[in-house]
Amino acid sequence: MSLAITCIFALIRKMSRYIAKNLSDYNQLYAESLSNPSQFWGEFAAQEFTWHRKWDNVLDFDLTKPNVKWFEGAKLNITENCIDRHLATKGEQTAVIFEPNDIHEQSLHITYNELAKNVNKTANMLKANGAKKGDRICLYMPMTPELAYAVLACARIGAVHSVVFAGFSAKSLSDRIMDAQCSIIITADGGYRGAKITPLKEIMDEALESCDCVKKVIVLNRTNTKIPMEYGRDVWWQEEFEKASDVCAAEIMDAEDMLFILYTSGSTGKPKGMVHTCGGYMVYTNYSFRNVFQYQEGEVYWCTADIGWITGHSYIVYGPLSAGATTVLFEGVPSYPDMGRFWQVVAKHKVNIFYTAPTAIRSLATCDINLVNQHDLSSLRKLGTVGEPINLEAWEWYDEHIGKQKCPIVDTWWQTETGGIMISSLAGVTKDIPTFATLPLPGIQPCLMDENGQELPGGEQEGRLCVKFPWPSIARSIYGDHQRYADTYFSTFPGKYFTGDGAKRDAEGNYRITGRVDDIVIVSGHNLGTAEIENIINEHPQVAESAVVGYPHDVKGNSIYAYVTLKTDGSNHSQLENEIKDLVSRTLGPISKPEKIQFTSGLPKTRSGKIMRRILKKVAANELENLGDISTLLNPECVKEIIAGKRQGG
């Protein structure tokens, strides 16, 4: 593409009519997106991105199968849209600000020119180690620039990246490597997390004891930890990177080719590898980023998530970079070296847009307010939350002390499966309503369903949240198991995507998410499958069975409550509790560890043997007044025993 054409595209992006500037714009765009979705998304995609070949059809879908294709026949490479097309006009603009874990280590400002060279070198490093189009590559890395380079390098050469959060255990890691049949791993000797070092290579080596598909392991030296290197398999990132050329042509991809697999917890115990594809994901993450955050040229944007989660994929890497933004990548944690670290970083880099989790806000709100007030937060213009609904108290603290009551707050609702933000206010454009996600983005058609499978009419309602029309970034499948994808998301309400969440809608069409209605618990913004945790607890030799539910937690939003029935009850409960928590922590990772364990002589079951988790959730939450009719249970007497045990244990 010539310089002149590139400049024209840059001008169009600034002037795009598809970015709402006021409520009237939003209403018009939303109406257009409903009346002719193919025209709406086709025009936006044509104006905003570089394509090697235009599509034959904007959209082809059948949600009863389910089968969805966006921009079918189009050819592109997402990294050309995240990097190359910006070089003529923004080459020396900062693309990524890296803020290290150690407050005394120097920050890095990586320009788009430098990003291009580093991604190309990483891509050539991967190819030199056997990577090719279609290969699955697992990234188990700390939050350093090299993780972003690796993500983009995979996309550059047409390999499929599978990022695993660097807090998962060896067992969880090996499950994901084997499911995706990854041939190459990129990891590090260790990763900094506050005052601790996570031994990433050690965990990876343990995981690879049960993985026969891995041919090469590339290791970044981040913490100078002494580690074993297996000859012929393990190589050092720095050595391989140094040898690589900084010129790498982008692989031409079909719009429906896989871009990445990202695992999320499943209610059946086995993690689900959600498949996202190149074209639609690129279009929607760009569109949602620019609309929700109302990004303006030159603003500094910071999403505090980890790239190991979908938030980091969509709103640290692909969305901001495709929009030509400056995005902050933070290696540390909000509590190190003290609970003022977030605000120190905001002041240091003059952050304009700040996007974090309600869990972090609740935790920070309990600290000395001087940890906030000693830092200059005047650069902030827009705030956001992600991962779970934000409660009123946390929203008000965020608004008063961080936004100084001058920054709009976007409370974004979306999922790993949706790829991008679905329901949210648009910063300064549509109305913020505390505790409400508010309105759907243009192109998103939510609906509420009753328990009988009937769509509830418009206006004030409460029901199960579904989406009745596809959007560009919808996950296309579960890797290797399309039937599970169909059963999980499209069988409860045929022809509609079932989110697994309940929601309320007010008379003006604003949505408030009320929480999960399936066997997933959101803890600190992370989806945890209860069945997966139960499976591990049941591996303890003294456990007969268990049931895991979520319960409200002041800081985390929700936490894990485990009911455990033992084979014999003569054991030391305190010791067993520690053993079970340690087993879950070692197997699945610390984030999955139960907060509370209650030992029981039995679990409430229907006469067909189904555990009544609905009752257990209410007991865990101390909602004891409305348990419903328990007389039809197989063992109603155990409910009274569980309630008594709960009261005794607090």
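Each value in this text was obtained by applying a stated rule to the coordinates, not by laboratory testing. All figures in this text were calculated on a predicted structure; none of them were measured in a lab. No Cβ is skipped: glycine too gets one built from the backbone with ideal geometry, and neighbour counts run over all protein chains shown.
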Normalised per residue, the volume of the convex hull around the Cα set of segment 525-649 (Å³): 113
If you take the alpha carbon radius of gyration of segment 454-575 and divide it by 2.2 N^0.38 Å, what ratio comes out, to two decimals? 1.36
Sequence-distant lysines (8 or more away, or on other chains) whose Cα lies within less than 25 Å of K243: K117, K121, K127, K132, K133, K201, K215, K216, K226
What do you get for Rg/Rh of segment 182-224 when both radii come from the Cα atoms and Rh is the Kirkwood radius? 1.02
Checked segment 62-155 against the a/c 1.5 cut and the a/b vs b/c comparison, axes a ≥ b ≥ c from its Cα gyration tensor; verdict prolate
Quick one: give the max-minus-min coordinate of the C-alpha atoms of the chain along each principal axis, largest first, in Å. 77, 63, 55
Per-residue Cβ neighbour rank within 10 angstrom, fewest leading, W302, W397: W397, W302
Three principal axis lengths of segment 249-385 [C-alpha, angstrom, descending]: 52, 42, 26
So if I restrict to the alpha-carbon atoms in segment 354-490, what is the Rg, and what is Dmax, the biggest pairwise distance, in Å? 17.9, 55
Inter-site label distance for T50 and R233 at 7 Å from Cα along Cβ, in nm: 3.9
With Rg from the Cα atoms and Rh as the Kirkwood inverse mean 1/r over Cα pairs, segment 356-397 has an Rg/Rh of 0.97
Give me L448, L616 ranked fewest to most by other Cβ atoms within 10 Å of their Cβ, as a rough exposure proxy. L448, L616
With a ≥ b ≥ c taken as the square roots of the eigenvalues of the C-alpha gyration tensor of segment 274-338, please select rounded if a/c is under 1.5 and otherwise prolate if a/b is larger than b/c or oblate if it is not? oblate
How much length is gained on full extension from Q181 to N538, taking 0.36 nm per residue of separation minus their Cα-Cα distance? 125.8 nm
Cross-link reach list, aspartates and glutamates versus K350, counting only Cα pairs under 16 Å and skipping chain neighbours closer than eight places: E99, E297, E299, D376
Peptides ranked, highest mean first, by Cβ atoms within 10 Å: ranges 335-347, 28-40: 335-347, 28-40
Pair D487, N221: separation of 7 Å Cα→Cβ label points (nm): 4.9
Share of alpha-carbon pairs per 10 Å distance bin for segment 416-458, given as whole %: 24, 42, 30, 4
Using alpha carbon centers only, segment 56-88 is separated from segment 398-455 by a whole-angstrom value of 25
Table column - 3J(HN,Hα) (Hz), segment 36-48, Karplus curve with 6.51, -1.76, 1.60, x for Gly and Pro: 8, x, 5, 5, 4, 6, x, 5, 4, 5, 5, 7, 9
Segment L627-A128, extension gain: residue separation times 0.36 nm, minus the distance between their alpha carbons: 173.5 nm
Enumerate the lysines that K581 could reach by cross-link, defined here as Cα to Cα under 17 Å, with residues fewer than 8 away along the same chain left out. K171, K593, K596
Report the extension gain between S35 and S210 in nm, rounded to one decimal, defined as 0.36 nm multiplied by the number of residues separating them, less their alpha carbon distance. 57.8 nm
How much net charge surrounds A159 when only other residues with a Cβ under 15 Å from its Cβ are counted (Lys, Arg +1; Asp, Glu -1)? +3
Low-density loop GluC sites (Glu not before Pro), segment 386-495, at most 15 other Cβ within 10 Å, DSSP non-H/G/I/E/B, are E451, E460
If you count, for each residue, the other Cβ atoms within 10 Å and average over each peptide, how do 245-255, 321-331 line up from highest to lowest? 321-331, 245-255
Quick one: Kirkwood hydrodynamic radius for segment 344-413, alpha-carbon pairs, angstrom, one decimal? 12.1
